[in-house]
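Quick note: the coordinates plus some simple rules give every number you see, no bench work behind them. A quick note: this is a predicted structure, and the numbers were derived from the prediction, not measured. Every residue, glycine as well, gets a Cβ built from its backbone with ideal geometry; the counts of neighbours run over all protein chains shown.
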Amino acid sequence: MTKKPLQLGRPVATPASPSAAVLDRVRNPHPDTNYVARFTFPEFTVMCPMTGQPDFATLVIDYLPRRWLVESKSLKLYLNSFRNHGAFHEDCTVAIGKKLVALLQPQWLRIGGYFHPRGGMPIDVFWQAGRLPAGVWAPEQGVSTYRARG
């Protein structure tokens, strides 16, 4: 069985949709150590499925790996594939979390989708799988919820 090469280290176009995107994983060099890895993606964009208007968010993904790590270039390509994809905030945030859990089988994963207000109302979405073991440090995600001027 031949393994498909990673996207890392070679030119790869942004996938046309999340379903066309490929997430790569690599072996965790420290599977015997509990630690949290964080990805912050401040330029996430998805299209509103009703209006076709773009919605912008900061995504923060924290996870405690077991055997696998997500390869960061493939994650960036996957997240960028939402640019022309129609989905509600809740749908895309939870779908991203579930896809990562299926791929990585981490001990714990949480995702926060902090969406900019449009139409006067921000929508923030939070999802997690598993439990963070006692004694493992996972800092707050550090993204303020929306506050109007004043």
Checklist entry - Non-local amide H neighbours of residue 68 (under 5 Å, H modeled in plane, Pro and chain starts lacking H): which ones? => result 28
Checklist entry - Rounded to the nearest 20 Debye, what is the dipole magnitude of the chain about its Cα centre when Lys and Arg each give +1 and Asp and Glu each give -1 at the C-beta? => result 420 debye
Item to check | At most 15 other Cβ within 10 Å, DSSP loop - trypsin sites (Lys or Arg not before Pro), region 67-128 | outcome: 67
Item to check | Label-point separation in nm, residue 134 to residue 118, each point 7 Å along Cα→Cβ | outcome: 4.5 nm
Next on the checklist: Quick check: pseudo-label points 7 Å beyond the Cα along Cα→Cβ at residue 20 and residue 146, how many nm apart are they?
Outcome noted: 3.0 nm
Item to check | Spatially close lysines, pair count over the chain: Cα under 18 Å, gap of eight or more or interchain | outcome: 5
Checklist entry - Between residue 34 and residue 72, what length in nm is gained on full extension when 0.36 nm per residue of separation is reduced by their alpha carbon distance? => result 11.7 nm
Checklist outcome for this item: Net charge (Lys, Arg +1; Asp, Glu -1) of residues whose beta-carbon lies under 11 Å from that of residue 139, residue 139 excluded, is -1
Checklist entry - Can you work out ³J(HN,Hα) from phi for every residue in region 51-66, in order, using Karplus 6.51 cos²θ - 1.76 cosθ + 1.60 and θ = phi - 60°, giving whole Hz and x for Gly and Pro? => result 9, x, 7, x, 10, 10, 8, 9, 9, 10, 10, 10, 8, 10, x, 10
Item to check | Viscosity 0.692 mPa s, 37 °C: Kirkwood-radius Stokes-Einstein D of the chain over Cα pairs, µm²/s | outcome: 201 µm²/s
Checklist outcome for this item: Summing +1 per Lys or Arg and -1 per Asp or Glu among the other residues with Cβ less than 15 Å from residue 82's Cβ gives 0
Next on the checklist: Can you tell me, using C-alpha contacts under 8 Å and at least 6 residues apart, the relative contact order of the chain as a whole percent?
Outcome noted: 25 percent
Next on the checklist: Taking a ≥ b ≥ c as the square roots of the Cα gyration tensor eigenvalues, with a/c under 1.5 meaning rounded and otherwise prolate when a/b beats b/c, else oblate, which class fits region 64-150?
Outcome noted: oblate
Checklist outcome for this item: Simple SL model, points at 7 angstrom along Cα→Cβ for residue 51 and residue 27; separation in nm is 4.9 nm
Checklist outcome for this item: Other residues with Cβ under 13 Å from the Cβ of residue 21 give, with Lys and Arg +1 and Asp and Glu -1, a net charge of +2
Item to check | Relative packing of 33-39, 111-117, which averages over residues the other C-beta atoms within 10 Å, highest first | outcome: 111-117, 33-39
Checklist entry - In the chain, with Lys and Arg counted as +1 and Asp and Glu as -1 at Cβ, which of these residues, 95, 61, 13, has the Cα nearest the positive end of the dipole, that is, farthest along it? => result 13
